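Trainee: One structure is given below, represented as structure tokens, and several questions about it will come after.
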Amino acid sequence: MNALPQRDTIKTITTHYINGAFVESHGREVVDIIRPTDGQVIARATLGDEDDTRRAIAAAKRAFAIHSQTTKEERSKILRRLHEAASARIDHLTAAMVEEYGGVVQFAGLIVESGVNAFLAAEKALQELPLTRSWDKTTVTLEPVGVAGLITAWNANALFICLKLASAIAAGCTVVVKPSELSSLQTQVLIEALHEAQLPEGLLNVVTGLGNVVGAELVRNPDVAKISFTGSVAVGEKIMRDGAATMKRVTLELGGKSPTILLDDAALEQAIPTALAIAFLNSGQACAAGTRLLVPRSRLDAAKRGLR
């Protein structure tokens, strides 16, 4: 299936992925997806609302009763199927990231491959991690926590979804993904790929929508046991506060760029090109992009010359 719009067409996305099927959105708000290289609208996505989110949570809750009881081998088979399905669409996923996000082809390809390989990494970790440990008279058993709400950022959407999904499935959890609405095209291509893995109904659910609508419902809904959020500090603070009302387990990966620091003994002929490459990593849109450069005052002039 060709999910990418042609240059003279606008793709329309009106569905969410709930209980193993693409279903029409109950929410009616529409967002334009703009190609950053020329400012053209390349897709329009209908955003989900609280009703869509509750349907997805209910599906994940039903599926959790079964998936939480699966064995390591059963989960491993699911992870391998996901890897196979996503691997078949690597080129398409990369093209979607470049088209929608404006990422550099080489970097976008690395991001997508890292996401696809997350399923195999999770399988390996699952096989190596003992789920039961005993010390003297004490036995600790690791059990899945429940439905996981996975909220992802826009600048590496396929990577975030795959990483979070792989870990959740390995742990025995079912998921509701709230991807960035600004990455609707990438999300559609990825979910179409993962659909081919023929997962159990309700194991994976995806509702694209606004953070203060879909994300907020995930955070406050008592049937969601875990939130994994990648995004801003301000939103992370609110998630931590609101999630406490239902005693959710919350994992936050919050944005903020750190500087690149050059020490007194740095070889500038090597360090400066490296610092520049890091600063413009992923077209500068990455939490790992060191867009500030700190140098010793005694080497400031030499560093400036190296940057010209």
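Trainee: Within the stretch 272-292, take every residue that is buried (at least 16 other Cβ atoms within 10 Å of the Cβ) and touching a residue at least 24 places away in the same chain (Cβ under 8 Å) and give me the one that is nearest to SER228 (Cα to Cα).
Mentor: CYS287
Trainee: For residues in the stretch 71-93 being closer than 13 Å to ALA170 by Cβ and among the aliphatic types (A, V, I, L, M), which is surrounded by the most Cβ atoms within 10 Å (Cβ to Cβ)?
Mentor: Within the stretch 71-93, the match that is surrounded by the most Cβ atoms within 10 Å (Cβ to Cβ) is LEU82.
Trainee: Output the number of residues of the stretch 161-184 satisfying the condition of being closer than 14 Å to VAL112 by Cβ and at pLDDT below 95.
Mentor: The number of residues fulfilling the criteria is 1.
Trainee: Considering the stretch 132-148 alone, what residues qualify as being of a type in the set (A, V, I, L, M) and farther than 12 Å from ALA168 by Cα?
Mentor: VAL140, LEU142
Trainee: For the list (1) over 27 Å from GLY149 (Cβ atoms); (2) outside any strand (DSSP E or B); (3) in contact (Cβ under 8 Å) with a residue 40 or more places away in the chain, I need the number of the one condition that GLY48 fails.
Mentor: (1)
Trainee: Here is a list of conditions, (1) among the polar types (S, T, N, Q); (2) within 23 Å of GLY103 (Cα to Cα); (3) surrounded by 16 or more Cβ atoms within 10 Å (Cβ to Cβ), and ASN221 meets all of them except one; can you say which number that is?
Mentor: Status for ASN221: all satisfied but (2).
Trainee: GLY146: farther than 25 Å from GLY109 by Cα and surrounded by fewer than 21 Cβ atoms within 10 Å (Cβ to Cβ), yes or no?
Mentor: Yes; evaluated as a whole, the condition is true for this residue.
Trainee: Same structure, new question: For the stretch 94-119, what are the residues that are surrounded by fewer than 18 Cβ atoms within 10 Å (Cβ to Cβ) and in a loop (DSSP other than H, G, I, E, B)?
Mentor: Those that are surrounded by fewer than 18 Cβ atoms within 10 Å (Cβ to Cβ) and in a loop (DSSP other than H, G, I, E, B): GLY102, VAL104.
Trainee: For the stretch 120-163, what are the residues that are assigned to a loop (DSSP other than H, G, I, E, B) and of a type in the set (Asp, Glu)?
Mentor: If the condition is that a residue be assigned to a loop (DSSP other than H, G, I, E, B) and of a type in the set (Asp, Glu), then ASP136, GLU143 are the ones that fit.
Trainee: Please pick out the residue among ASP32, ASP91, ASP38 that is part of a loop (DSSP other than H, G, I, E, B) and without any contact (Cβ under 8 Å) to a residue 24 or more places away in the chain.
Mentor: Of ASP32, ASP91, ASP38, the one residue that is part of a loop (DSSP other than H, G, I, E, B) and without any contact (Cβ under 8 Å) to a residue 24 or more places away in the chain is ASP38.
The values are calculated or read from the model by the stated rules, or taken from the named source; none is laboratory data. Here the structure is a predicted model, which is why all the values come from computation and not from measurement. Please note: Cβ atoms are built from the backbone with ideal geometry, for glycine as well, and neighbour counts cover all protein chains shown.
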